[in-house]
1. Angle, helix 549-561 long axis vs. longest principal axis of the chain, Cα atoms, 0 to 90°, nearest 10?
2. So what are the radius of gyration and Dmax for the Cα set of region 163-300, in Å?
3. Please label the shape of region 222-288 as rounded, prolate or oblate, based on the square roots a ≥ b ≥ c of the eigenvalues of the alpha-carbon gyration tensor (a/c under 1.5 means rounded; beyond that, a/b larger than b/c means prolate, else oblate).
4. Do any GluC sites (Glu not before Pro) in region 59-104 lie in a loop, going by DSSP, with at most 14 other beta-carbon atoms within 10 Å of their beta carbon, and if so which?
5. Summing +1 for each Lys or Arg and -1 for each Asp or Glu, what net charge is found among the other residues whose Cβ lies under 12 Å from the Cβ of S218?
6. For E387, what is the net charge nearby, where nearby means another residue's Cβ is under 12 Å from its Cβ and Lys, Arg count +1, Asp, Glu -1?
7. Please compute the volume of the convex hull spanned by the alpha-carbon atoms of region 480-525 and report it per residue in Å³.
8. Given axes a ≥ b ≥ c from the Cα gyration tensor, I'd like to know whether region 495-573 is rounded (a/c under 1.5), prolate (a/b larger than b/c) or oblate.
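The values are calculated or read from the model by the stated rules, or taken from the named source; none is laboratory data. What you are looking at is a predicted structure, and each value in this text was computed from that prediction instead of being measured. Cβ placement follows ideal geometry from the backbone for every residue including glycine, while neighbour counts extend to all protein chains displayed. Note: accessible area is taken over every heavy atom of the protein model, side chains too, but ligands, DNA and RNA are not part of it. Shrake-Rupley method; radii C 1.70, N 1.55, O 1.52, S 1.80 Å.
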Amino acid sequence: MTSGTDRLIQLLELRRTTLLDIDEQGRLLISNDETGSAQLYEVSPDGSRRQLTDLGEPCTGRYLPGARAVVVSADTGGTERAQLSLLELSETPDGFAPLRPLAHDPAYLHVLFEVDRDTVVYATNRRDGVEFDVISHRVSDGNERVLFDGGGYFSDAVPSPDGRWVLLSRMTAIAASNELLLVDTGTGQVRSITDPAVPGGWQNPQWLPDSSGLLASSDSVDDFFAVHRYDLADREWAPLLGAPGRNLYAWPAPDGSRLAVVSEADGVHSLGILDDGGRGVEDLQRIELPGRGVLAHNTPVVWSADSATLGMTYSSPVHPPEVYTWQLGDTAIHRRTTSNPAAASAGLVDFSSHRVPTPDGERIPLYLIRPEHADGSAVMIIHGGPESATVASWSPIAAALALAGHTVVLPNVRGSSGYGRRWVSLDDVDKRLDSVADLVAIRDWLPSVGVDPDRIALYGGSYGGYMVLAGLAFYPDLWAAGVDIVGVSSLVTFLQNTSAYRRAYREREYGRLAEDRELLEAASPFNSIDKIRAPLFVIHGANDPRVPLSEAEQVVAAVRASGAECPLLVYQDEGHGLAKRANQLDAYPQAFEFLAKHLAR
């Protein structure tokens, strides 16, 4: 192994810690992967830590208010068919407490949304394997009630504090869009409080503490996400907080006295507090973060029950994820977990931000991680999604590649989120290959920052894997190598073979098999796979429910048949990506050495 590979292994072995919840006594429920997969731990107010689970599979969870218990969500082998269990906590545990099943049927998904006193709200597709129903489960006696069975794919289900309503966020037929539904828990009556025919996302719905209304961020009015307030009495939305060129999201404190506001611009987060009476972003009390980084995507902030503490997970390209808290009166956040030694990230290279011009007049946002002693090669790491983005978060792969002398390029090609609704819509359906052409524009620009255009590799996972294959197949003479992780090789066979519950959700972005097959065929790398000349490295999980293993197998067979180098690694206990450290330590160093070989002078 090279010294660069040794450094990659050191970075992969750093622990990742994420905040999940705060209980009424101020204990923190966290996730940490020191055992090799993400397990649950509890951090007491005095800083002492206790491991709660050792499942061998990654898991997540939430506290059950009013009880010393945690609702645990875990699947097996990356299938994403999550099962929900109750973990009862003892103050003097002897080993790990057993899990009591709450919602178990290994053939189906159970998506945990909300936990309240004696109640768990989740969505499941167990009715027919496709459509999701939203269920309320009473923990004390196991009684279940269907809150909504009108079908669809949900990203949120949020009960109101008074228990009268449940707010649902359901995907619509329009790409990057969803609608908010309000369910009366007494009568079962449902009404839509947003227009599903209007393009736009409605994210981060949060009830006001008195249940008089709710907050949600939307880009349906402006190009960026602004915070809006819905009033139950007059059934009207009104703008609350917005800022040009920034996405804003808000979390009310339980006592209603203030809002935590996260602002995002160019993939970097800032945090502020708006006290009662504040009228706009100019009134925010800015809270200092440790550097240019981000808060965790799934749980950016969590209020304590007394509204005096705000918890969060922070990471950056030079800092692995750790848990922090903010207390009333502070101007900065304070680290609550110390999973890694202080010198663990010493010498890592931070990023610079750039805009790359395209032939059609667009400007592509991207990050560069450029080492002091760059060797002229570059690795372009393309994010998945596609309705996602590269943000200023922790990536041991990117960090290690830069330490090895490669310039690391992290683009947000058209179709990426975070840069306005117009930008995220520029790759929909018949515009798919415009985003692939962005890779060429970036390649043409890279010599201006000292990169040899003949020593550039593509690297990506999921949709990023599709982009790798598309770049290699449609522009075969431009790239030195590629690494494809759980990538889509044919949009047609992907839609035919992906899990049934995901097909409709993905068709709104890529195009529909029944109507857009010609476009899907034209945009599928597999149909031009014989043109690939660059060596290709492929990694896949055998249990992937999103991008089936067959997508990798057909690519590898075709590339090898055309005479190009194409190793394949398949992991039998993984799904859509590599979640277990043992597999990461096996696969990523091999891919790292593959890139080093093909990018050498």
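1. 10 degrees
2. Spelled out, the Cα radius of gyration and Dmax of region 163-300 are 15.3, 49 Å.
3. Numbers: a/c = 2.14, a/b = 1.22, b/c = 1.75.
Oblate, because a/c is 1.5 or more while a/b does not exceed b/c.
4. Details: sites: E80, E88, E91; in loops: E80, E91.
Taking region 59-104 and a limit of 14 other Cβ atoms within 10 Å, the loop GluC sites (Glu not before Pro) found are E91.
5. Details: positive: R229, R421; negative: E179, D195, D219, D222, D223.
The answer is -3.
6. Details: positive: R414, R421, R506, R508; negative: D219, D427, D428, E509.
The answer is 0.
7. Numbers: hull volume 3.7 nm³, N = 46.
In region 480-525, the Cα convex hull volume per residue is 81 Å³.
8. Details: a/c = 3.24, a/b = 1.32, b/c = 2.45.
Oblate, because a/c is 1.5 or more while a/b does not exceed b/c.
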